[in-house]
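Structure, as structure tokens:
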Amino acid sequence: DVKVTQSSRYLVKRTGEKVFLECVQDMDHENMFWYRQDPGLGLRLIYFSYDVKMKEKGDIPEGYSVSREKKERFSLILESASTNQTSMYLCARRASYEQYFGPGTRLTVT
Amino acid sequence: LAKTTQPISMDSYEGQEVNITCSHNNIATNDYITWYQQFPSQGPRFIIQGYKTKVTNEVASLFIPADRKSSTLSLPRVSLSDTAVYYCLVGEAGNQFYFGTGTSLTVIP
């Protein structure tokens, strides 16, 4: 059974805090993704990575950065959290055409 | 990056066949068509994928006409547990995909 785990299901942070969202996969796949999902806007791609230390911007990278030091771990970083970053964050890894998603982290920034 | 157009929402009664059509006029030669299903508070999960003609698995069928500018996901005899959001994606294996807003299917008892 494929596993993509995210460090927290629910997270509450204050405006201006630095936030780390961790994602770990249990397979040796190169491609990993971070999305955010908001009502009426669907899933939007923030960043993705094709391999260790490689990263590419998605559709909405502003306000975010990522880190991929090991193949199994892909971290999303909010340098200074803002209220408009309150959202559901989904991590995924991909094998060929099929993406496997984690359970998501619902982040609230107050 | 090829984008897709789907209906925003659909309703269906239990036991009926549901067809969700997706438009992808700018599909490229190397693009495949992939459908995902998402339940509330979960990440999307893969349902089916195809390149042309028809593909069937234990969950759904995917119909793709010769020009490949559209595709139809067919769910046979839906049940309440099929209530979910369905996403149509097109792209190559090595590229990122555009999920969009998907189609919210509500199955009515």
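Of all residues in segment B:55-109, how many are more than 14 Å from every other protein chain (Cβ to nearest Cβ), more than 30 Å from A:GLU56 (Cβ to Cβ) and part of a loop (DSSP other than H, G, I, E, B)?
11
Just to verify a result, which residue in segment A:65-83, among those that are β-branched (Val, Ile, Thr) and more than 14 Å from every other protein chain (Cβ to nearest Cβ), is surrounded by the fewest Cβ atoms within 10 Å (Cβ to Cβ)? Show your work before the answer.
Here is the first cut: in segment A:65-83, the ones β-branched (Val, Ile, Thr) are A:66, A:77, A:83.
Now narrow it down to the ones that are more than 14 Å from every other protein chain (Cβ to nearest Cβ): A:77, A:83.
Values: A:ILE77: 15, A:THR83: 10.
Looking at the filtered set, the residue picked out is A:THR83.
Only one of these conditions is not met by A:GLY42: (1) within 14 Å of chain B (Cβ to nearest Cβ); (2) over 22 Å from B:GLN42 (Cβ atoms). Which number is it?
The single condition A:GLY42 does not satisfy is (2).
Of all residues in segment B:1-45, which are open to solvent by less than 70 Å² (accessible area, probe 1.4 Å) and of a type in the set (A, V, I, L, M)?
Result: B:ALA2, B:MET10, B:VAL18, B:ILE20, B:ILE27, B:ALA28, B:ILE33.
Evaluate the following for A:GLU62: is it assigned to a strand (DSSP E or B), open to solvent by 10 Å² or more (accessible area, probe 1.4 Å) and acidic (Asp, Glu)?
On the way: assigned to a strand (DSSP E or B): no; open to solvent by 10 Å² or more (accessible area, probe 1.4 Å): yes; acidic (Asp, Glu): yes.
Criteria not met by A:GLU62.
Just to be sure I understand, how many residues within segment A:84-110 are open to solvent by 30 Å² or more (accessible area, probe 1.4 Å), in a loop (DSSP other than H, G, I, E, B) and of a type outside the set (Ser, Thr, Tyr)?
Qualifying residue count, segment A:84-110: 1.
Out of the strands (runs of 3 or more DSSP E) lying entirely within segment B:3-52, which hold 3 or more residues that are within 11 Å of another protein chain (Cβ to nearest Cβ)? Talk me through it step by step, then tell me what you get.
Details: elements: B:9-13, B:18-23, B:32-38, B:45-50.
Because the criterion is at least 3 residues that are within 11 Å of another protein chain (Cβ to nearest Cβ), the strands (runs of 3 or more DSSP E) in segment B:3-52 that meet it are B:32-38, B:45-50.
The values are calculated or read from the model by the stated rules, or taken from the named source; none is laboratory data. Keep in mind the model is a prediction, meaning the values are calculated, not measured. Ideal geometry is used to build each Cβ from the backbone, glycine not excepted, and the neighbour counts take in all protein chains shown. In case anyone asks, the SASA skips ligands and DNA or RNA and just uses the protein heavy atoms, side chains included. Shrake-Rupley method; radii C 1.70, N 1.55, O 1.52, S 1.80 Å.
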